[in-house]
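Take a look at the structure set out below.
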Amino acid sequence: AHRPTTASCASRGSSAARVTAEEDATLRRLQELLGLSQVDLREDRQQLQRVHLLARIERGDLPRVNAPIELESGEVCHWVVQARIAQKLTIPGPARPAMRFVEFRVEDNTPFTITDERAALRPREDVLPHDLGMLLVTNRRVLFRGARRTAVVQHNKLVSIRLFADGLSLDAAPASPPLLFLVDDAELTAAVLLTEARARRPDLRGAGRTA
């Protein structure tokens, strides 16, 4: 079965995420001047699409995508990405290098900008993936649906997002461990989730997570 990816989510966004005619002409001039291949040009177009999409997300103009599962009445899906839910292990022995991340707190108004270096979660022997599934961000919650496990965090319960190079950690309650996910596009996933959580936090009431 076809699995939605961040690329397919981005392509189903509005025309605001597309490369403009002026940008396309500029890319073609650069191609001629620098002798770039069609592959190089395609990569530049994809990067421009990504910049457009991030700008839309920052403005609160989130994409709408088809959910691979049935949602609640009135629930809108904004993002779908393949993900692995993982566990941070405590392994005896010498201390391992700290995992660098960028943290965004939902209650803050700091913009979604990434300037610091972020560590990769894989391959690390102290990060154990244990279920493969889909991670959805809707207007009400973030939902992981895997083969063996389901995890849900309502937006009004989300405290912070820690962004790694290839994943993110969701902190929903001080007394419980964060949920750790390895995802195909951590940056865009975090941007969509942070924007929606900040927009919806004052409005929602309900349970935090289930597993």
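The values are calculated or read from the model by the stated rules, or taken from the named source; none is laboratory data. The structure displayed is predicted, hence computed values, not measured ones. Because the Cβ atoms are built from the backbone with ideal geometry, glycine has one as well, and the counts that use them run over all protein chains shown. We work out accessible area using only protein heavy atoms, side chains counted, and drop any ligands, DNA or RNA first. Shrake-Rupley method; radii C 1.70, N 1.55, O 1.52, S 1.80 Å.
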**Prompt:** In terms of solvent-accessible area of protein heavy atoms at a 1.4 angstrom probe, what is the ranking of 48, 136, highest value first?
**Reply:** 48, 136
**Asked** Per residue, how much accessible area does region 40-132 have with a 1.4 Å probe, in Å²?
**Response** 64
**Prompt:** Where does each of 141-148, 125-132, 113-120, 191-198 land if you order them by average Cβ count within 10 Å, highest first?
**Reply:** 191-198, 141-148, 125-132, 113-120
**Request:** Would you mind telling me the share, in percent, of accessible area of region 90-164 contributed by carbon and sulfur at probe 1.4 angstrom?
**Result:** 49
